[in-house]
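K.L.:
Handing you this structure, nothing more for now.
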Amino acid sequence: MKLIVGLGNVGAKYENTRHNAGFKFVDEFDKFKPKGAALHKPDTMMNNSGAFVAKLINKNNLDISNLYIVHDDLDLPLGGFKIQFGKGPKVHNGINSIEEHLGSGDFWRVRIGVDNRDTDNRTPGDKYVLEEFTPEEREKLFQVMKNATTELVLHLQNVDR
């Protein structure tokens with residue numbers, strides 16, 4: 001089994017924020033989910049995701065190499081994404097929490113780029129990720145979700161071959 005966990009913050013207040021890109025991805029991916037993949041959204045806030053993920057790993061007796069964490073990433077521009085093993089953003093408290101609870105960073109990341117800040121007047125990252133996407137940004141996000149979904153489905157089909 002492949003465990004795919006989309007990170008975000010719970011509650012209507014955060015629903016359309018950049019920090020909830022992982023939740024949005026899970027919603028999109030659910031339409032195309034291949035056999036053998038389980039999707040989850042933590043019922044905790046982003047910075048406390050580790051306990052939720054560790055509980056799922058233990059409950060399913062899963063090797064963490066079968067874990068895919070989907071999250072927003074300020075190191076990538078809006079519209080970009082990367083699927084990487086053991087590599088992530090420079091700073092991400094949700095990922096830090098997961099690594100702390102699992103005792104390792106040896107899991108897959110689906111990094112969804114959300115950075116669309118003005119280079120001359122950059123909003124600090126911790127504030128920026130809690131802002132909502134503009135309508136234009138939502139269009140770009142929808143397209144990257146489609147592209148990342150296609151790529152992850154192909155990846156999951158080929159990873160065990």
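K.L.:
For region 8-30, name all the residues that are in contact with a strand residue (DSSP E or B) (Cβ under 6 Å, 6 or more places away or on another chain), in a helix (DSSP H, G or I) and in contact (Cβ under 8 Å) with a residue 60 or more places away in the chain.
P.N.:
ARG18, HIS19, ALA21, GLY22, PHE25
K.L.:
Could you give me the residue pairs with C-beta distances under 8 Å whose first residue belongs to region 110-127 and is farther than 15 Å from PHE142 by Cα and small (Gly, Ala, Ser), whose second residue is open to solvent by 40 Å² or more (accessible area, probe 1.4 Å) and assigned to a strand (DSSP E or B) wherever it lies, and which are 6+ apart or on separate chains?
P.N.:
GLY125/LEU74
K.L.:
Looking only at strands (runs of 3 or more DSSP E) that fall completely inside region 57-161, which ones have 1 or more residues that are out of contact with any Pro (no Cβ under 8 Å at 6 or more places or on another chain) and surrounded by fewer than 16 Cβ atoms within 10 Å (Cβ to Cβ)?
P.N.:
67-77, 81-85
K.L.:
Please verify whether PHE133 is in contact with a helix residue (DSSP H, G or I) (Cβ under 7 Å, 6 or more places away or on another chain), aromatic (Phe, Trp, Tyr) and either at pLDDT below 95 or at negative phi (or both), treating the condition exactly as stated.
P.N.:
For PHE133, the condition - in contact with a helix residue (DSSP H, G or I) (Cβ under 7 Å, 6 or more places away or on another chain), aromatic (Phe, Trp, Tyr) and either at pLDDT below 95 or at negative phi (or both) - is met.
K.L.:
Also, quick follow-up: Only residues in region 31-45 that are without any contact (Cβ under 8 Å) to a residue 12 or more places away in the chain count as the first member; pair them with residues that are surrounded by 14 or more Cβ atoms within 10 Å (Cβ to Cβ), Cβ under 6 angstrom, at least 6 apart or cross-chain, and list the lot.
P.N.:
From residues that are without any contact (Cβ under 8 Å) to a residue 12 or more places away in the chain, there are no pairs.
The values are calculated or read from the model by the stated rules, or taken from the named source; none is laboratory data. Being a predicted model, the structure only gives us computed values, none of them experimental. Counting neighbours? That spans all protein chains shown, and the Cβs are built from the backbone with ideal geometry, glycine included. Just so you know, the surface numbers come from the protein's heavy atoms only, side chains and all, with ligands and any DNA or RNA stripped out. Shrake-Rupley method; radii C 1.70, N 1.55, O 1.52, S 1.80 Å.
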